[in-house]
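One structure is given here, and the rest of the page talks about it.
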Amino acid sequence: KAGVTQTPRYLIKTRGQQVTLSCSPISGHRSVSWYQQTPGQGLQFLFEYFSETQRNKGNFPGRFSGRQFSNSRSEMNVSTLELGDSALYLCASSELAGGTDTQYFGPGTRLTVL
Amino acid sequence: AQSVTQPDIHITVSEGASLELRCNYSYGATPYLFWYVQSPGQGLQLLLKYFSGDTLVQGIKGFEAEFKRSQSSFNLRKPSVHWSDAAEYFCAVGPPGYSTLTFGKGTMLLVSP
């Protein structure tokens, strides 16, 4: 099976712009989670989706939003970008929600905000 | 709120020597516990996980971890380190019922010849 795919892999934006990141889970996986990784804050949970429903949300401002489509693909959007949004954004998928299934991580999207 | 502490930011181990990476967690009940590894430019790969049962958990690549409830610890061990094990290691906890993970800050493992 193909692994978790994230597009684009690298992105450069300027402050104030918005950005959309995409995640395609492993075929058959219905749960998708997003994480932000920065040198200062480490890995922080953003969202968890299962069957198009957001099950959980991390402590991020409303500028961060996401959604999941009927084919389980997920997108996250960041509006009004700030310098501090520069990070590696990781997506993970699993067959089921609930935490017992192994989560498989994608390679991430490296976002740089100038 | 749940939290994870990995007290060692960097560890250097000689190739062939044993390894122990420390992880302490804070959680109201018994959480789900995980160890992940991240190589440069890569995503995270699951090494092992603990939900319940036997407190000694075997994982991939020869790694094991032991859950100690009394010490709120989940330390990762490997009897003999290989140069290819050099990477960053993350301990994580998750609330039962959710895929949400809270990660530690990570421990960078360096392997010397």
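The values are calculated or read from the model by the stated rules, or taken from the named source; none is laboratory data. Everything numeric in this text was worked out from a predicted model, so none of it was measured. Positions of Cβ are backbone-derived with ideal geometry, glycine not excepted, and every protein chain shown enters the neighbour counts.
Of (1) surrounded by 12 or more Cβ atoms within 10 Å (Cβ to Cβ); (2) within 13 Å of another protein chain (Cβ to nearest Cβ); (3) not charged (D, E, K, R), B:Cys23 satisfies all except one. Which?
Result: B:Cys23 passes all but (2).
If the Cβ limit is 6 Å and pairs must be 6+ apart or interchain, which residue in segment A:1-29 that is outside any loop (DSSP other than H, G, I, E, B) pairs with which residue that is among the charged types (D, E, K, R)?
Matching pairs, first to second residue: A:Tyr10/A:Arg110; A:Val19/A:Lys13; A:Thr20/A:Glu75; A:Ser22/A:Glu75; A:Ser24/A:Arg73.
When only residues in segment B:36-82 that are within 27 Å of A:Thr109 (Cβ to Cβ) and charged (D, E, K, R) count, which is modelled with the highest pLDDT?
Restricting to residues being within 27 Å of A:Thr109 (Cβ to Cβ) and charged (D, E, K, R), the top hit is B:Lys61.
Specify which of the listed residues (A:Leu81, A:Leu88) is among the hydrophobic types (A, V, I, L, M, F, W, C), buried (at least 16 other Cβ atoms within 10 Å of the Cβ), more than 14 Å from the chain's Cα centre (by Cα) and under 20 Å from A:Pro8 (Cβ atoms).
A:Leu81
For segment A:38-96, how many residues meet the condition of being touching a Lys or Arg at 6+ places or on another chain (Cβ under 9 Å), within 14 Å of chain B (Cβ to nearest Cβ) and either small (Gly, Ala, Ser) or assigned to a strand (DSSP E or B) (or both)?
19
Looking at A:Thr7, is it over 18 Å from B:Leu101 (Cβ atoms), modelled with pLDDT of 95 or more, out of contact with any strand residue (DSSP E or B) (no Cβ under 9 Å at 6 or more places or on another chain) and of a type in the set (S, T, N, Q)?
no
Listed here are the residues, each with its yes/no results for (1) touching a Phe, Trp or Tyr at 6+ places or on another chain (Cβ under 8 Å); (2) not in a strand (DSSP E or B).
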residue: B:Ile11; (1), (2): no, no
residue: B:Gly28; (1), (2): no, yes
residue: B:Trp35; (1), (2): yes, no
residue: B:Ser52; (1), (2): no, yes
residue: B:Phe67; (1), (2): yes, no
residue: B:Asn75; (1), (2): no, no
residue: B:Pro96; (1), (2): yes, yes
residue: B:Thr100; (1), (2): yes, yes
residue: B:Val111; (1), (2): yes, no
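Taking segment B:23-68 only, how many residues are in contact (Cβ under 8 Å) with a residue 40 or more places away in the chain, within 15 Å of B:Phe103 (Cβ to Cβ) and out of contact with any Leu (no Cβ under 8 Å at 6 or more places or on another chain)?
6
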